[in-house]
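Some notes on the structure that comes next.
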Amino acid sequence: QAHAEPGNSYVIYDARMGNTQRDKLHMETRMLKALEHGDFEVYYQGQRDLRDGGIKGFEALIRWHDNGKMVSPAQFIPLAEESGLIVRLGSWVLHQACRQAKAWADAGLGRPVVAVNISPRQFNHPDFMTTVRAALQTTGVDPAQIELEITEGSVMDDAEASISQLHALRALGLALAIDDFGTGYASLSYLRRFPLNRLKVDRSFIMQLGNSEGDDTIVRTVIELAHSLGLSVTAEGVETVAQEATLRSWDCDVVQGFLHSRPSPAAVATDLLVTERKGMPAAA
Ligand code: C2E
Ligand code: MG
Ligand code: MG
Ligand code: MG
């Protein structure tokens, strides 16, 4: 299902698109060409720390410029995942994100953390650790500036193997977050066993904040649960001042959403950091 974000003009692909084998092959071929031609771009969305009010970092979100139109990742990530192209695409995003994080540090803009989405197929690929090490080494980024966002689905297939890989990633100095928390089939016992740093509460729970007792309870409970396990919490999709105030009163650590920052090109994210450091009220 395509969704249009105000301020970004996305192509809404026909709902039938990508359904037949032929359509899929066609999309895959175009994605591969786009990767070779440099038609993908990494956008960055600011994440604000509710404790000190500053920009904690950014989430890296891929965009596809397809002949002047922008295609939403919701349209092509699932297909890239299905075809396996996500492994190359994801590795490219990771390199870009590491390079950008390093560039910000080198420019004297602090040490913003860049969060990178890792799909199940990437996480479970035998070369994943090698890819991550290579991205850190070739860019020279401080690993403390990189956070990997994985989903519940990535780690549940083979929990034991996942646990050891998560430990290996932590040993490299990276932070680990569970993305879209609450939407997968989470077993609470793994939260204790997995060496995580953060839970990202899915936007679907934030949308009705203040209007749905059920969602309010879930969000509050997730924040308490996370804190009792020593994890930080990011709320996704925060669009209003009221949502932010509620989240702050519940001790949520970080907010991400259109209220403070839309996903934007690296140059715009840089401006946000520069403005912030001048002590001016920042908005993007
Ligand atoms: P996600 O990782 O949960 O990313 C958050 C999504 O919520 C982004 O959608 C972001 O633009 C959107 N969002 C953030 N704040 C708000 C808000 O206040 N309101 C609304 N309505 N939306 C908000 P986007 O960029 O379209 O990405 C969609 C999904 O595609 C991501 O969800 C992620 O699962 C996937 N994705 C994006 N980039 C990558 C990538 O480089 N690699 C992989 N594997 N997946 C990616
Ligand atoms: Mg994410
Ligand atoms: Mg998310
Ligand atoms: Mg989400």
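The values are calculated or read from the model by the stated rules, or taken from the named source; none is laboratory data. Keep in mind that what you see is a predicted model, and the values were worked out from it rather than measured. For neighbour counting, all protein chains shown are included, and Cβ atoms are generated from backbone atoms with ideal geometry for every residue, glycine included. Side chains included, ligands, DNA and RNA excluded: accessible areas come from the protein's heavy atoms. Shrake-Rupley method; radii C 1.70, N 1.55, O 1.52, S 1.80 Å.
On the basis of being among the β-branched types (Val, Ile, Thr) and under 21 Å from the mean Cα position of the chain (by Cα), does residue 274 make the cut?
no
Of all the residues that make up the stretch 109-147, how many are assigned to a strand (DSSP E or B) and open to solvent by 50 Å² or more (accessible area, probe 1.4 Å)?
The number of residues fulfilling the criteria is 1.
Being among the hydrophobic types (A, V, I, L, M, F, W, C) and away from ligand 4 (no atom under 15 Å from the Cβ) is the filter here, so list the residues in the stretch 210-237 that pass it.
Result: 223, 225, 226, 229, 231.
Filtering the stretch 51-61 down to residues that are open to solvent by 20 Å² or more (accessible area, probe 1.4 Å) and in contact (Cβ under 8 Å) with a residue 12 or more places away in the chain, which residue is nearest to ligand 3 (Cβ to nearest atom)?
61
Just to check your reading of the model, which residue among 194, 205, 181 is within 22 Å of residue 125 (Cα to Cα) and surrounded by 13 or more Cβ atoms within 10 Å (Cβ to Cβ)?
Sole residue among the options that is within 22 Å of residue 125 (Cα to Cα) and surrounded by 13 or more Cβ atoms within 10 Å (Cβ to Cβ): 194.
Go over the candidates 219, 233 one by one and state the one that is of a type outside the set (Gly, Ala, Ser), within 15 Å of ligand 3 (Cβ to nearest atom), under 21 Å from residue 48 (Cα atoms) and more than 17 Å from the chain's Cα centre (by Cα).
219
Quick one: which helices (runs of 4 or more DSSP H) lie wholly within the stretch 182-284 and hold at least 3 residues that are over 27 Å from residue 171 (Cβ atoms)?
203-206, 213-228, 241-249, 266-277
Looking at the stretch 178-237, which of the residues that are within 16 Å of ligand 2 (Cβ to nearest atom) and acidic (Asp, Glu) is nearest to residue 259 (Cα to Cα)?
Only one residue fits best here, namely 236.
For a quick check of your reading of the model, give me the residue pairs whose first member lies in the stretch 135-164 and is small (Gly, Ala, Ser), whose second is within 16 Å of ligand 3 (Cβ to nearest atom) and not in a loop (DSSP other than H, G, I, E, B), with beta-carbon atoms closer than 7 Å and at least 6 apart or on different chains.
153/120; 154/120; 154/123; 162/155
Restrict the check to the stretch 243-257 and report whether at least one residue is within 21 Å of residue 72 (Cβ to Cβ), at pLDDT 95 or above and away from ligand 3 (no atom under 16 Å from the Cβ). Explain how you work it out, then say what you get.
Initial filter on the stretch 243-257 (within 21 Å of residue 72 (Cβ to Cβ)): 256-257.
With at pLDDT 95 or above added as a condition, the list becomes 256-257.
Pick out the ones that are also away from ligand 3 (no atom under 16 Å from the Cβ) and you get none.
No, the stretch 243-257 contains no residue that is within 21 Å of residue 72 (Cβ to Cβ), at pLDDT 95 or above and away from ligand 3 (no atom under 16 Å from the Cβ).
Could you figure out which of (1) within 27 Å of residue 111 (Cα to Cα); (2) touching an Asp or Glu at 6+ places or on another chain (Cβ under 6 Å) isn't true of residue 265?
(2)
Looking only at the stretch 62-96, count every residue that is part of a helix (DSSP H, G or I), surrounded by 20 or more Cβ atoms within 10 Å (Cβ to Cβ) and touching a residue at least 60 places away in the same chain (Cβ under 8 Å) and tell me the total.
So the count comes out to 1.
Which is charged (D, E, K, R) and either within 12 Å of ligand 1 (Cβ to nearest atom) or at positive phi (or both), of 262, 220? First the steps, then the outcome.
Values: 220 fails: either within 12 Å of ligand 1 (Cβ to nearest atom) or at positive phi (or both).
Going through 262, 220 in turn, the sole match is 262.
Of the residues 38, 57, 68, which single one is closer than 19 Å to residue 136 by Cβ, of a type outside the set (A, V, I, L, M) and more than 9 Å from ligand 1 (Cβ to nearest atom)?
That would be 57, the only listed residue that is closer than 19 Å to residue 136 by Cβ, of a type outside the set (A, V, I, L, M) and more than 9 Å from ligand 1 (Cβ to nearest atom).
If I go through the stretch 148-163 residue by residue, how many of them are more than 13 Å from ligand 1 (Cβ to nearest atom), acidic (Asp, Glu) and assigned to a helix (DSSP H, G or I)? Don't jump to the end; show me each part of the working.
Going through the stretch 148-163, the residues more than 13 Å from ligand 1 (Cβ to nearest atom) turn out to be 155-163.
Imposing the further condition that a residue be acidic (Asp, Glu) reduces the set to 157-158, 160.
Subsequent filtering for residues that are assigned to a helix (DSSP H, G or I) retains 160.
Counting residues in the stretch 148-163 that are more than 13 Å from ligand 1 (Cβ to nearest atom), acidic (Asp, Glu) and assigned to a helix (DSSP H, G or I) gives 1.
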